[in-house]
Structures are given as C-alpha cells and as structure tokens.
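*Asks:* Just dropping this structure here.
Please treat every number below as a calculation from the coordinates, not as lab data. Computed from a prediction, not measured in an experiment: that's the story for all the values here. All Cβ positions, even for glycine, are placed from backbone atoms using ideal geometry, and neighbour counts span all protein chains on display.
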C-alpha cells in the first residue's frame with residue numbers, strides 16, 4: 001500500500017471521530033438544565049465579614065401611615081370674594097381722579113368726580129319728593145283732626161291718608177336712587193334741607209376697603225352708567241392660587257388639604273388651604289382645577305405670578321415605605337433593594353415603586369412586613385456582587 005492509499009484509508013476514520021465529538025457536544029448541550037442556566041444569570045447573595053457589616057445600615061419594614069404630596073404649578077389671582085370691579089354708577093364726564101394706582105382706600109372714600117346730569121336729576125327728584133311728602137303728610141294730619149271732629153267725611157280722610165302714604169313711598173324711592181349713586185350722606189342731608197348742588201357733581205366712591213389695583217379712567221373721559229369700568233379694588237391681604245391637578249392626583253385632593261406656595265427660587269414658603277376642587281375635567285389639559293386660599297399680609301404674591309404649589313393630602317394612607325437611598329437600578333433600569341436573608345447574607349429583591357413621599361418611596365409590591373432592608377451601603381453590596 002502506497003502513501004496515497006494510506007491517506008485515503010485514514011479519511012473515513014477521521015470523519016467518524018469528528019462526528020462522534022460533535023454528537024457528544026450536542027448531547028451535552030441538550031442535557032444542560034435550563035433552570036441552571038437561569039440560575040447562572042441570577043446574582044448570588046452577598047456575604048460580608050463582621051467588619052464589613054459595620055458599614056451597612058438596615059431597617060425593618062413595617063406598615064406606616066403617610067400623606068401624599070402633589071407638586072404642581074399655579075397662578076396667583078385676587079380673592080374674588082374680596083375684590084370689586086367699580087363701574088360708573090352714573091353717566092357724565094370725569095372731572096377729577098382722586099386716587100392713584102396702588103393706593104390704599106377705605107370703604108366710602110371718594111375715587112373720582114364726574115359732571116353728571118343724572119346725578120343732578122336724581123338730586124332734584126329727591127328734593128321734589130321730599131317737598132311733596134311733607135305737604136301730603138301735613139294734609140293727612142289735618143284731615144285726621146277734622147275727621148275726629150266730624151268736620152269731613154270718612155272718605156275724604158281715607159283719601160288724604162292714602163295720598164300721604166304714596167308721597168312717602170316716592171320719597172323713599174328717590175332716596176334709594178341717591179344711595180345707589182353713592183351720594184355722600186352729608187350731601188343727601190343738604191338736598192333734603194333744600195340746598196342746591198352746584199354743577200351736578202357726582203362722586204364715585206369705593207364700595208370696599210382695599211388697594212386700587214386697576215384704574216381705567218382719566219379726566220375728560222365720558223362714562224356710561226352701569227357699563228364703563230372705572231377701578232378695581234381688591235383686598236390683597238388674602239389671595240387665591242389657581243392650580244391644575246392631573247390624572248389620578250385629582251382623586252387625592254380634597255377641600256381642606258394643606259398647601260405650600262413657593263414663589264421663585266429661594267422664595268419664602270407660604271402656607272395655604274385648598275378651598276375648592278373643580279367637578280369638571282378640562283378637555284384640553286385633562287386636568288382638574290383646584291383653588292388655594294393663602295394669606296398675603298406682606299403683599300409678596302402678585303396677581304398672575306407663577307408659583308410652585310405643594311398639596312398635602314388631609315387623608316392618611318397606609319403602606320410599606322423605604323428610604324430613597326435603599327432603591328437601586330439594575331442593567332434594565334428596574335428598581336431593586338437588598339434584604340437580609342435568613343442566613344445573614346444580603347439578597348437582591350426586585351420591587352415596584354409607588355408614590356414618593358418626601359425622602360421615601362411607597363413599595364406596593366416586592367416587600368413584606370418584617371423584611372430587613374439595606375438603606376445605607378447598598379452601592380457597596382452591588383459592587384461586591386458585580387465582581
């Protein structure tokens with residue numbers, strides 16, 4: 001047998017040997033336990049020496065009560081129960097504006113003077129009504145005396161009494177017209193005494209005490225009774241903050257909840273109270289509007305100012321909470337914590353994160369009451385486990 005024939009005879013044996021090796025490898029691969037493969041990918045518990053355990057801080061998880069805090073934004077507005085838009089009570093031309101924007105005014109204080117024919121006409125009507133009532137009352141008094149002495153008939157006396165009552169009603173109506181025009185009581189007394197008002201000068205007065213936050217008139221401007229805006233007066237010592245609450249947070253906000261208002265970076269926190277929660281969802285923002293009442297004695301909050309609002313629930317909830325420092329993230333960005341196992345080792349436990357409450361997380365799933373969770377030293381455990 002030559003060399004060429006020997007090589008041909010060896011080829012089948014080599015091929016058979018290679019096939020046998022491949023078959024063994026395939027059998028070995030098929031016989032491997034899938035659970036063992038998964039176990040090889042699962043991090044093993046970490047065991048520390050006594051000295052290393054000194055740097056690990058552990059807390060026992062127990063159910064505890066907590067109150068939710070919702071952080072959102074808001075816009076400052078006037079307390080509409082303590083603000084008033086002053087419309088012109090009569091027609092005429094403005095002759096003088098007596099206050100400036102930002103001035104503090106008292107209830108009944110004069111704001112502007114107006115040359116108003118309506119004012120003069122109302123004063124004249126009141127004076128006529130006063131005189132007519134005085135005359136009718138005198139006739140009625142005289143007729144009562146005459147009727148008592150049977151000098152006139154009962155019918156004549158009844159008519160005199162009815163005329164006097166009608167005249168008195170006309171006088172009261174004319175007086176109310178002057179009151180509606182905000183005429184000063186001293187001026188009303190002067191009209192009743194028969195004094196003539198020079199020039200028909202009407203005075204626009206403040207209906208409430210507060211600050212002049214808007215001024216819409218100037219000398220020479222013609223006003224229309226009941227429609228021309230003149231001033232806005234507001235008591236700025238108390239303001240509203242209008243805020244929007246989104247999603248599930250809307251079901252957690254209640255009237256009476258505490259609130260904290262923060263204006264700008266480093267601003268002084270201001271306490272407030274939720275006074276109203278809307279019953280309708282805004283179709284554009286899918287949010288519910290909430291109103292917060294806040295005291296503003298120093299005037300730091302201004303209308304239309306943007307602020308940060310923290311709403312703290314009045315109702316208490318119960319659950320398992322762990323410090324934020326206890327929660328780490330794996331390679332898939334899923335949250336986990338380290339818990340102390342029965343043998344004293346530290347095991348990685350996957351958890352689900354709920355709402356953050358201050359410096360703690362609510363843990364809806366993954367932990368049980370009595371679990372011992374690592375709160376300081378978790379990063380050290382993760383480092384050892386990754387080696």
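*Asks:* Relative contact order for the chain: what is it in percent, counting Cα pairs under 8 Å that are at least 6 residues apart?
*Replies:* Here the relative contact order equals 26 percent.
*Asks:* For segment 178-222, state what percent of all Cα-Cα pairs lands in each successive 10 Å bin, counting from 0 Å until the bin that includes the largest distance.
*Replies:* Going out from 0 Å in 10 Å bins, segment 178-222 shows 20, 43, 29, 8 percent.
*Asks:* Further question: If I take R0 = 30 Å and measure r between the Cβ atoms of residue 121 and residue 151 in this structure, what FRET efficiency does the formula 1/(1 + (r/R0)^6) give, to the nearest 0.05?
*Replies:* My answer for the efficiency is 0.15.
*Asks:* Using only DSSP helix segments of four residues or longer, with each worth -39500 (n - 2.57), what per-residue ellipticity at 222 nm results for the chain after dividing by its residue count and rounding to 500?
*Replies:* Taking each H run of at least 4 residues, the total per residue is -10000 deg cm²/dmol.
*Asks:* Using Cα atoms only, what is the angle between the long axis of helix 3-31 and the major principal axis of the chain, expressed in degrees (0 to 90) to the nearest 10?
*Replies:* The angle comes out near 40 degrees.
*Asks:* In nm, to one decimal, how far is the modelled label at residue 47 from the one at residue 190, with both set 7 Å along Cα→Cβ?
*Replies:* According to this spin-label approximation, the distance is 10.4 nm.
*Asks:* Mind listing P(r) for the chain? All alpha-carbon pairs, 10 Å bins, whole percents.
*Replies:* Taking all Cα pairs of the chain, the binned fractions are 4, 13, 13, 12, 12, 10, 8, 8, 6, 5, 3, 2, 2, 1, 1, 0, 0, 0 percent.
*Asks:* Under the classification rounded if a/c is under 1.5, otherwise prolate if a/b is larger than b/c and oblate if not, where does segment 249-304 fall, given a ≥ b ≥ c as square roots of the Cα gyration tensor eigenvalues?
*Replies:* Working: a/c = 2.27, a/b = 1.78, b/c = 1.28.
Taking the square roots of the gyration eigenvalues as a ≥ b ≥ c, segment 249-304 is prolate.
*Asks:* Using a cut-off of under 14 Å, list every residue of segment 265-283 whose amide N is near the label point 7 Å from the Cα of residue 73 along the Cα-to-beta-carbon line.
*Replies:* Residues 265 qualify, since their backbone N sits under 14 Å from the label point.
*Asks:* For q = 0.18, 0.19 Å⁻¹, what log10 I(q)/I(0) does segment 244-387 give under the Debye formula with an equal point scatterer on each alpha carbon and no solvent?
*Replies:* The calculated log intensity ratios at q = 0.18, 0.19 Å⁻¹ are -1.03, -1.08.
*Asks:* When all alpha-carbon pairs of segment 285-347 are counted, what percent fall beyond 16 Å?
*Replies:* Numbers: 1439 of 1953 pairs.
Summing the P(r) of segment 285-347 above 16 Å gives 74 percent of all pairs.
*Asks:* Using just the Cα positions, wrap segment 130-288 in a convex hull and report its mean projected area in square nanometres, one decimal place.
*Replies:* Reported value for the Cα convex hull: 19.6 nm².
*Asks:* Sketch the reach of a paramagnetic label on residue 107 as a point 7 Å from Cα along Cα-to-Cβ, and name the residues of segment 236-261 whose backbone nitrogen lies under 17 Å away.
*Replies:* Correct set: 236-238.
*Asks:* Could I ask something else about it? Whole number please: convex hull volume per residue, Cα atoms of segment 112-185, in Å³.
*Replies:* Looking at segment 112-185, the number lands at 72 Å³ per residue.
*Asks:* At 7 Å along the Cα-to-beta-carbon direction for both residue 330 and residue 315, put a label point, then send me their distance in nm to one decimal.
*Replies:* Going from the residue 330 label point to the residue 315 one covers 3.5 nm.
*Asks:* Can you list the equivalent-ellipsoid semi-axes of segment 93-132, largest first and in whole Å, using the square root of 5 times each Cα gyration tensor eigenvalue? Kindly include the intermediate steps, with their values, before the conclusion.
*Replies:* Numbers: eigenvalues 170, 35, 4 Å².
Here the semi-axes work out to 29, 13, 4 Å.
*Asks:* Then there is this: Label-point separation (nm) for residue 65 and residue 262, each offset 7 Å from Cα along Cα-to-Cβ?
*Replies:* The modelled label-to-label distance comes out at 2.7 nm.
*Asks:* Same structure again: How big is the Kirkwood radius of segment 162-239, worked out from every pair of different alpha carbons and given in Å to one decimal?
*Replies:* Kirkwood radius, segment 162-239: 15.5 Å.
*Asks:* Cα convex hull of segment 62-140: mean projected area in nm², to one decimal? All intermediate terms of the calculation are to be shown ahead of the outcome.
*Replies:* On the way: hull surface 54.0 nm².
Average of the hull's projected areas for segment 62-140 equals 13.5 nm².
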